[in-house]
Amino acid sequence: MDERYIASIDLGSSKTAVSVAEIDGSNIQIVYYREIPSRGVRHSVVFNPKQAAACVKEALGAAEEELKIKILQLVVGLPRFSVQQQSACASIERSDKNSSITQEEVDFLKNEAADTYPLDDRERDFIYGIVPQSFSADDYIMASESDIVGMVSETLDGNFKVFIGKKRSCANVDMVMNLAGKAIAGKYFIPEVTGKAVLTSEERENGVALIEIGGGVTSVTIYHKNILCHYSSIPFGGKTITSDIRLECGTSERLSENIKLAYGVCMPEKLLTLRDKIIQIENKEDGSCKQLTVKYLSEVITCRMKEILEACFYKIQESGYADRLRSGIVLTGGGAMIPNLAAYAKELSGYNVRAGYPLHKFSCSGCPEVCEPSAAASIGMILAAKENELLNCLSDKIVLQEHKTEEEESAQSENPADASRPIVPHPAEDSPQQSEETSAAAESEADNTALNGDAEPIPEHLIPPEEFGEETKKKKERTKKKPRVTWTTSGIGKFLNKVSHGMEGVIDGLYNDMEQ
């Protein structure tokens, strides 16, 4: 198999990370990973596209210069904060009610549910991802996907968790890539891909809470029975700790970050000889000198981490899965690298807690940083994008799309982010997302080459139907026979919606207390 390359960029609140992987069949070789301080991003959301684009250009320029390559497109992550979680049910009427349910019908329900979910405000919101929770058939409820296939039923119902984000946040990511002159090959819901990069299959099956402590956002993702069951986030992270050090010690932001990385630890009572160590900070401008003990620094960090962890534990209790986490808690992200943090979280919660490093699903040389928890999101995007066997971020070849029906084109125009949802449909079925100018030029060139070689392009309305082949005809026939998907909030969906909305006041009160 020909080698190909996948490049990803993690637009974090404190860092912008670029990673490049060489894919050869099932083998993944990380050939480049670097982090630089982020600009124009707050709480994982791009608020200043121009600043963020300058940062992206700098990071990609360094990668291209070192590897002697030209990166044309990248996979990116969607913001982790301000994501709503909704529960809903969808169903279809089966045409052959006396036959067994097939895997094709289950896949059809999942894909159609992702395409037809009724958003309340399509002008502002769009779907980041949609995850099937369970399926029902006549008298059978809460069945897994493997169990539902083969049952006989008149209808097929599915329960879904829908994750809804702001359209403006996604549009700002598009603008950043446009300003940087790069195309978007795919967008991924970071909590989902990070979970697969950090958690083992046993942990996801038995129940686990993944707490990702980023620069501006800390998120809680719960897996049970190998399904993403719950997601929530709070607007606090590693930058909050840095800000505390800056205010308490009277140092600059950059110096406070360096002090945190070099000497920051949790649980000052666990320190032995290090607790009496004194950090001396000299000011070259006025010649003054400040002294800071490691013990006091640890007390500052521990107080803030206690607030962050307790907020995460509250989210776990709110989810209803607190008693099902047989595998405990996994801490990942840059904030998880603070020494003694796992032991402190275990002391506060009573769960088994471990640090979440990327699993050994790849090899790397020359970039050891890629094996740290801070690189979990980047590795997750690489692993997810690898499933698309046609994706090559260093190639200008654009994969030809199947001829779409008018209904599909209309649906995509209403919600342009649907085509890049990383959860359903599968990333392997997604088409590369590109900027408007790059996409138009590349698709035109690819279409011309595929149909006519080096000849002039033939207008589509002049091409005989035979040119499209039998596969397109079959697809049109299938489109005519599509069953209608019906959404409802009754049953499980209605109950879970009540639970979700009933705690909004409590969460707002918690945020206010923490901010004060």
Expressed in angstrom and ordered largest first, the alpha-carbon extents of segment 122-188 along the principal axes are 54, 23, 16
Regression test value, accessible area per residue of segment 269-393, probe 1.4 Å, units Å², expected 51 Å²
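Which order do the peptides 376-387, 37-48 take when ranked by the mean count of other beta-carbon atoms within 10 Å per residue, highest first?
Averaged packing, sorted descending, gives the order 376-387, 37-48.
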Burial-style ranking of 287-294, 207-214, 20-27, 166-173, average other-beta-carbon count within 10 Å with highest first, yields 207-214, 166-173, 20-27, 287-294
With every protein chain kept in place and a 1.4 Å probe, the residues Lys239, Lys225 fall, from largest accessible area down, as Lys225, Lys239
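Output the direction-averaged projected area (hull surface divided by four) of the convex hull of the alpha-carbon atoms of segment 215-290, in nm².
The Cα convex hull of segment 215-290, projected and averaged over all directions, gives 7.6 nm².
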Going through Lys166/Lys361; Lys70/Lys167; Lys15/Lys277; Lys306/Lys346; Lys15/Lys295; Lys166/Lys386 one by one, the pairs whose alpha carbons sit over 21 Å apart turn out to be Lys166/Lys361; Lys70/Lys167; Lys15/Lys277; Lys15/Lys295; Lys166/Lys386
Taking 0.36 nm per residue of separation between Met142 and Lys361 and subtracting their Cα-Cα distance, the length gained on full extension comes to 75.6 nm
Cα-Cα pairs in segment 226-377 separated by more than 20 Å, as a whole percent of all pairs, come to 57 percent
Rounded to a whole %, the carbon-and-sulfur portion of the accessible area of segment 1-143 at a 1.4 Å probe is 46 percent
Extension length gain for Lys295 and Ala171 (0.36 nm per residue less Cα distance), in nm, is 40.2 nm
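Expected output is a single nm value to one decimal: the length gained when fully extending between Lys270 and Lys97, i.e. 0.36 nm times separation in residues minus the C-alpha distance. What is it?
55.7 nm
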Taking a crude spin-label model, label points 7 Å out from Cα along the C-beta direction, the Met151 to Arg124 distance in nm is 3.8 nm
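With +1 on each Lys and Arg Cβ and -1 on each Asp and Glu Cβ, how big is the dipole of segment 1-40 about its Cα centre, in debye rounded to the nearest 20?
The calculated dipole for segment 1-40 is roughly 320 debye.
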Note, Cys367: beta-carbon cut-off 15 Å, +1 each Lys/Arg, -1 each Asp/Glu, net -4
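The values are calculated or read from the model by the stated rules, or taken from the named source; none is laboratory data. All values reported here derive from a predicted model rather than from experimental measurement. Cβ sites come from the backbone with ideal geometry, for glycine too, and all protein chains shown count toward neighbours. When the accessible area is computed, the model is the full protein with side chains, heavy atoms only, and any ligands, DNA or RNA have been set aside. Shrake-Rupley method; radii C 1.70, N 1.55, O 1.52, S 1.80 Å.
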